[in-house]
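To start, the structure itself, in structure tokens.
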Amino acid sequence: MSDAETTYVREVEIPNKAGLHARPVMQFVDLASRFKSQVVVINVTRAGGERVDGKSAMQMMLLEATKGCTLRIATDGPDAQAAADALAELVCHGFGVHPESASE
Amino acid sequence: MEILRGISVATGVAIGEAVVLEAEQFRIPFRAVSANAVPAEVDRVVLACEASIVELGHQAETLNANWGSDAANVFQWHIGILKDARLRSNIETLIRDRLWSAAYATSRVMRDYQRRFLQMKDPLLVERIRDVQDIERRLLRSILGETREDLSKLTKPVVLIAHDLTPSQTARLADTKVIGVALDAGAATSHTAILLRSWGKPGVVGLKDISTRVSGGEWVVIDGTNQIVVTNPNEPALLEYRAREAAHIRLSGQLDEMRGLAAVTRDGVPIDLHCNIEFPYEVAIGVNKGAAGVGLYRTEFLFLRPEGAPSEDEQYSAYREAILSAGGRPVTIRTFDLGADKYTQERSYEQERNPMLGLRSIRYSLQSLDLFKVQLRAILRASVEGDVRVMFPLITSLMEFRQAKMTLHDAMEDLEEEGIPWNRDIKVGMMLETPAAAIQIKEFCREVDFISIGTNDLVQYLLAVDRGNERVSQFYTASHPAVLRVLRDVVRVCKRAEVDCGICGEMAGEPLYAIFLVGIGLRQFSMAPANIGEIKKLIRLITVPQAQRLAGRALGFETARQVSNYLRSRTRKILPEEPV
């Protein structure tokens, strides 16, 4: 583990109508998997929301994150800040129309 | 080596590599593995995931080309799930920590996710259950072996293992290299079992969970004669079974030699042995085995096909083909017996709480008069080609029989008006399959030309046992004293009324009951072509007084066990070399 290792947290609201359905989940997971850091996601809007692995498509679906829900994205690792920012950006922009432009 | 006990549908031994038919729509029962098998089980999950990803990739590509990217994206999501390292490790943990089989662990994890999707409030997310199910099936298919589509492409003889087969799947076995079948589900008289029997290769059903004990590729012995299946047989067992396989082939050769001999008792009483068929091509097989006619043509199999109900002309040509192949021998055509465990495409999604007591058989026919009339017209038109009899199934009341007959007369009038000929001597009879009909047999005898006892349903309704339910099928036995007495009474009344009475259930083809049935006065038996040789051989060894004595004795017992023990010991004395 590098010295730069640190935990970074971002909270974002889901703006898009369909919420975290199949395609957005895939975009999120694809993006999260490009980083070395661990990514943990919680849907804070849901009472007792569980912590799920942001790199697991199946678990991300379990967040039941619909429009208006707030996601807490916690990253931990060498590229934690970059990961948290990129993922928060993706969610904020409603997963974009084009998956490629949204994952910059 | 593991020995599993089931119910035999056809005797003989088949030895081959196992192919497991896809495990859709059923729960994978629990199975544990030994600790040293863990790495292999884990590998199977990984391989299944990777194979599924490749499969899905091809599918997505094709979809993308034909239906556009939205459709293809659906499968992209499936690929995403299959790549999910967390999901794989969940499954792996269960295999490692609890020593569960790959199939069971996979199924458990996937079912767990399905349950959680089900609890969600967002309908869009709940819909994802279908995807998770789809992924589960794909994985299980990959873990458990080959798929249905591959059966026709088999290049070497195999033994087929499945949870259950539909009648139409079973009917297609004839075109494959499958040499034997073993199923979790079913009882000796399910329609799948009936089809397996006419197919004539070794089969054992009611094995409960064989489809999860066998993964495909290993050696399996199906011993239909002793009602067992041996998985991974050891060397001595394999050698022994090879010898038995050869002996069975010799024996069936001997039985085939009986073809030219008459079915008469030692004291010269002729017994008519007819065959039961599902498809016209089977008439030739039956005649070749020595059948004196077709005692039961189960026409519903014409209706159980993806294209839906056959047209009048399609039916006409099937019936005509059967009648012509019978070459002047009588052909008894039973009108379609749909419902319960046999559904057409149109009705396949209707659920009934108790289908065996539901809208089935003649009830369904009388409520679908258009469909029924088309069939009756087709039968009448074909009847000019030979000695044809029409038989109505599952009659429970005189009104029902009268209504069915009236519909037949309507069809005759229509043909008359159109100037189309039919056989005016056509005989009209019924199957005796319900306790109600047995009790009112005297009244029925005044209205029918003939009676054919359908023991499968009769036993089921007399004993209140669903013959297809493996949890109670052990209670289903034709040896029950109540069954024997009802049979005796029905035959007696018919004889007094001078009405032809035959028997066409599975009981008719079982050596165990043959002597008894002759003893109570039955002279016409209809059975699967494969059983004719054996029954004929038995009949040629007995006399009528001997059979009568045996029947009298059998009727005196109080329990089914006493009856079957007695019949077994008597039959063994007469046919020592045959397994009974």
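The values are calculated or read from the model by the stated rules, or taken from the named source; none is laboratory data. Fair warning: this is a prediction, and the values are worked out from it, not measured in the lab. Cβ atoms come from the backbone with ideal geometry, glycine included; neighbour counts cover every protein chain shown.
In the range B:220-241, the residues that are within 16 Å of B:A10 (Cβ to Cβ) reach residues that are in a helix (DSSP H, G or I) with C-beta atoms within less than 6 angstrom, at least six apart or across chains, in these pairs: B:V221/B:Y241. Selection of the range B:87-113 for residues being aromatic (F, W, Y) and either under 22 Å from A:A18 (Cα atoms) or part of a helix (DSSP H, G or I) (or both) yields B:Y104, B:Y113.
Under the condition of being touching a Phe, Trp or Tyr at 6+ places or on another chain (Cβ under 6 Å) and on the phi > 0 side of the Ramachandran plot, the residues counted in the range A:58-85 number 0.
Among the residues examined, B:V54 does not qualify as under 17 Å from B:S107 (Cβ atoms), modelled with pLDDT of 85 or more and more than 14 Å from chain A (Cβ to nearest Cβ). Among the residues of the range B:74-113, just one is surrounded by fewer than 16 Cβ atoms within 10 Å (Cβ to Cβ), within 11 Å of chain A (Cβ to nearest Cβ) and within 39 Å of the chain's Cα centre (by Cα), namely B:D112.
Using the structure shown, decide if A:G94 is more than 14 Å from chain B (Cβ to nearest Cβ), over 17 Å from B:H78 (Cα atoms) and surrounded by fewer than 21 Cβ atoms within 10 Å (Cβ to Cβ). Here the answer is yes, as A:G94 does meet what is asked. Tell me yes or no: at least one residue of the range B:412-422 is within 22 Å of B:L324 (Cβ to Cβ), more than 30 Å from the chain's Cα centre (by Cα) and loosely packed, with under 14 Cβ neighbours inside 10 Å. Yes, the range B:412-422 contains at least one residue that is within 22 Å of B:L324 (Cβ to Cβ), more than 30 Å from the chain's Cα centre (by Cα) and loosely packed, with under 14 Cβ neighbours inside 10 Å. Residue count for the range B:414-433, restricted to those that are in a loop (DSSP other than H, G, I, E, B) and out of contact with any Gly (no Cβ under 9 Å at 6 or more places or on another chain): 7. Of all the numbered requirements in (1) assigned by TED's automatic domain parsing to the domain that holds B:V205; (2) modelled with pLDDT of 85 or more, B:I7 misses one, and that requirement is (2).
Given the options B:Q119, B:Q133, name the one that is closer than 20 Å to B:A48 by Cβ, without any contact (Cβ under 8 Å) to a residue 40 or more places away in the chain and either buried (at least 17 other Cβ atoms within 10 Å of the Cβ) or of a type in the set (S, T, N, Q) (or both). The match here is B:Q133. Taking each residue of the range B:75-103 that is free of Cβ contacts under 8 Å to residues at least 60 places away in the same chain and looking for partners that are in a helix (DSSP H, G or I) and of a type in the set (F, W, Y) with beta-carbon atoms closer than 7 Å, six or more apart or interchain, yields nothing.
Can you tell me which residue in the range A:42-60 is surrounded by the fewest Cβ atoms within 10 Å (Cβ to Cβ), limited to those that are within 12 Å of chain B (Cβ to nearest Cβ) and among the aliphatic types (A, V, I, L, M)? So, considering only residues that are within 12 Å of chain B (Cβ to nearest Cβ) and among the aliphatic types (A, V, I, L, M), the one surrounded by the fewest Cβ atoms within 10 Å (Cβ to Cβ) is A:V52. Please indicate, with yes or no, whether at least one residue in the range B:509-531 is closer than 20 Å to B:Q460 by Cβ and surrounded by fewer than 23 Cβ atoms within 10 Å (Cβ to Cβ). Among the residues of the range B:509-531, at least one is closer than 20 Å to B:Q460 by Cβ and surrounded by fewer than 23 Cβ atoms within 10 Å (Cβ to Cβ), which makes the answer yes. Only one of the numbered conditions (1) surrounded by 17 or more Cβ atoms within 10 Å (Cβ to Cβ); (2) out of contact with any Ser or Thr (no Cβ under 7 Å at 6 or more places or on another chain); (3) of a type outside the set (G, A, S) is not met by B:R467, and that is (2). Pairs meeting the criteria (first residue in the range B:498-525 and under 22 Å from B:V448 (Cα atoms), second residue surrounded by fewer than 24 Cβ atoms within 10 Å (Cβ to Cβ) and acidic (D, E), beta carbons under 6 Å, at least 6 apart or on different chains) are B:Q524/B:D272. The single condition among (1) at pLDDT 85 or above; (2) out of contact with any strand residue (DSSP E or B) (no Cβ under 8 Å at 6 or more places or on another chain); (3) aliphatic (A, V, I, L, M) that B:L238 does not satisfy is (2).
Looking only at residues in the range A:5-30 that are charged (D, E, K, R) and farther than 18 Å from B:I81 by Cα, the one that is nearest to the other protein chains (Cβ to nearest Cβ) is A:K17.
So A:A83 clears everything in (1) away from chain B (no Cβ under 13 Å); (2) surrounded by fewer than 20 Cβ atoms within 10 Å (Cβ to Cβ) except one condition, right? Which one? It is condition (2) that A:A83 fails.
State the number of residues belonging to the range B:469-504 that are within 16 Å of B:D272 (Cβ to Cβ) and in a loop (DSSP other than H, G, I, E, B). Residues flagged as within 16 Å of B:D272 (Cβ to Cβ) and in a loop (DSSP other than H, G, I, E, B) within the range B:469-504 amount to 2. State yes or no: is B:I271 among the hydrophobic types (A, V, I, L, M, F, W, C) and within 27 Å of B:Q460 (Cα to Cα)? For B:I271, the condition - among the hydrophobic types (A, V, I, L, M, F, W, C) and within 27 Å of B:Q460 (Cα to Cα) - is met.
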